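Before any comments, here is the structure.
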Amino acid sequence: MQRRRIGESGISVTDICMGTMTFGSQCDEALSHRIMDCALDAGIDFFDAAEMYPVPPTAEKFGKTEEIVGTWLKHKPREQIIVATKITGPGHGWFSPPVRGGRTALDAQQIQRAIDDSLRRLQTDYIDLYQTHWPDHHMRYEDTLYALEKQIEAGKVRAIGCSNETSWGLMKSLWSAEKHGVRRYDSIQNNFSLINRRCESELAQVCRRERVSLLPYSPLGGGVLTGKYNDQLPQGGRFTDYIQNGGERQKMMAARFVNERTLEVSRRVCSIARDVGVTPTALSVAWSRQHDFIASTIIGATSVEQLQESLAAIDLILNEETMKRLDDIDVEIPCALREDGLRRL
């Protein structure tokens, strides 16, 4: 497994990261610990969480994922594991989070509260990478960056990053950091997969030129690229649950990920995977890793067996012919995901 630096920080990580958003919902504590043990045994040293996890977020389960990671981390060599988590974004926009009265913000007071709560749940005295889960484009970036820098100075955080941010927002934050002489974001965590390749245009250019690392999540397109949604709604699938039982926001998200265009992309990816002799899971993860602006690709799992499918990508390098065949899909079916959610920010 390769190691890559996160931005210009002093942190290097394995180029596959273990995501944890299912821990506490689809995975109980025992299963979550087994999945993390399997990831660690495979060589993964980078684990990503959020105070809002598991998903879908509820008041009853808010913070449960961090608690599960914390009970696991307590018995591991802390200095050898890179832990990332996130503060919930502003609650006065598209979503009212079930924490802090639904009035969440990215100001100094709430950042202080959120990080102290995350440290307690994670049972650690520092977080390697602390990220804003989504931005507040109507707030001064320097206020958020200054508050985050105070946490670095206090020894609670090593590096900072953003998530679900636009190219404009990332550039604005970097400009603000330079103008005001405060710490800059070293990473951005956005949705990126073979059904959502928007990051390859403007955001990739920002990442390369400004030396900010992309940490892509959902390389399997929410499971769509495995082919399990191609013929019917699979029992136990996240989007199956969203379609059948979800609220308005969940149904909208499911419609973005599961539609005629994304399913056609999935069928073609599955066909290429068969020709290469690998699973579509391994193919999709390997494709993500082969981008120069990416530090680590975040994978998820609801079972050890599912994780092992993704781990098959560790030694998989796609040749030029395979990469071209995957590029040709995007030429014929560009932007298969109906939208990536960033236009609402």
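Restricting to DSSP loop positions (anything but H, G, I, E, B) with no more than 13 other Cβ atoms inside 10 Å of their own Cβ, which trypsin sites (Lys or Arg not before Pro) remain in segment 26-82?
Sites meeting the loop and neighbour criteria: Lys74.
Classify segment 1-118 as rounded, prolate or oblate, taking a ≥ b ≥ c as the square roots of the eigenvalues of its Cα gyration tensor: rounded when a/c is under 1.5, otherwise prolate if a/b is larger than b/c and oblate if not.
It is oblate, given that a/c is not under 1.5 and a/b is not larger than b/c.
Pick out, in residue order, every one of the GluC sites (Glu not before Pro) in segment 247-345 that is DSSP loop and has at most 15 other C-beta atoms within 10 Å; say none if there are none.
Glu339
If the cut-off is a Cα-Cα distance under 29 Å, which lysines reach Lys156, setting aside same-chain residues fewer than 8 apart in sequence?
Excluding near neighbours in sequence, the set is Lys61, Lys64, Lys74, Lys76, Lys86, Lys172, Lys179.
Which ³J(HN,Hα) values in Hz, rounded to whole numbers, follow from the phi angles of segment 57-62 under the Karplus curve 6.51 cos²θ - 1.76 cosθ + 1.60, where θ = phi - 60° and Gly and Pro get x?
Values per residue, Gly and Pro as x: x, 9, 4, 6, 9, 4 Hz.
Given the peptides 50-58, 118-126, arrange them by the average over their residues of other C-beta atoms within 10 Å, most packed first.
In descending order of packing, they fall as 50-58, 118-126.
Using only the Cα atoms of segment 274-344, build the gyration tensor, take square roots of its eigenvalues as a ≥ b ≥ c, and label the shape rounded, prolate or oblate: rounded if a/c is under 1.5, else prolate if a/b is larger than b/c, else oblate.
Note, shape of segment 274-344 comes out oblate.
Using the eigenvalues of the Cα gyration tensor, what equivalent ellipsoid semi-axes result for the chain when each is taken as the square root of five times the eigenvalue, whole Å, largest first?
29, 22, 21
Taking the Cα centre of segment 43-182 as the origin, how large is its charge dipole in debye, to the nearest 20, when only Lys and Arg (+1) and Asp and Glu (-1) carry charge on their Cβ atoms?
260
Where in the chain are the DSSP H helices whose alpha-carbon span along the long axis reaches 15 Å or more and whose Kyte-Doolittle mean is at least 1.0?
Span-like helices here: none at all.
Under a 10 Å cutoff between Cα atoms, tell me which one of Ala313, Ala84, Ala108 has the largest fluctuation in the Gaussian network model of the chain.
Highest fluctuation of the listed residues: Ala108.
In segment 188-239, what trypsin sites (Lys or Arg not before Pro) fall in a loop by DSSP, with at most 15 other Cβ atoms inside 10 Å?
When the trypsin sites (Lys or Arg not before Pro) of segment 188-239 are filtered for loop state and at most 15 Cβ neighbours within 10 Å, Arg211 remain.
Would you work out which of Ile68, Leu170, Pro90 lies farthest towards the positive end of the dipole of the chain, given +1 charges on the beta-carbon of Lys and Arg and -1 on that of Asp and Glu, about the Cα centre?
Comparing the listed Cα positions along the dipole, Pro90 ranks first.
Tell me, what HN-Hα J-couplings in whole Hz come from the Karplus equation 6.51 cos²θ - 1.76 cosθ + 1.60 at θ = phi - 60° for each residue of segment 2-14, using x for Gly and Pro?
7, 10, 9, 7, 8, x, 10, 6, x, 9, 10, 9, 5
To the nearest 20 debye, what charge dipole does segment 142-214 have about its Cα centre, counting +1 at the Cβ of each Lys and Arg and -1 at the Cβ of each Asp and Glu?
It works out to roughly 160 debye.
Suppose R0 equals 25 Å; then what is the FRET efficiency for Asp292 and Ala108 from their Cβ-Cβ distance, rounded to the nearest 0.05?
Efficiency computed from Cβ-Cβ geometry: 0.10.
Each reported figure results from applying straightforward, stated rules to the coordinates on display, with no laboratory input. Small disclaimer: the values here were computed from a predicted structure and weren't measured. Because the Cβ atoms are built from the backbone with ideal geometry, glycine has one as well, and the counts that use them run over all protein chains shown.
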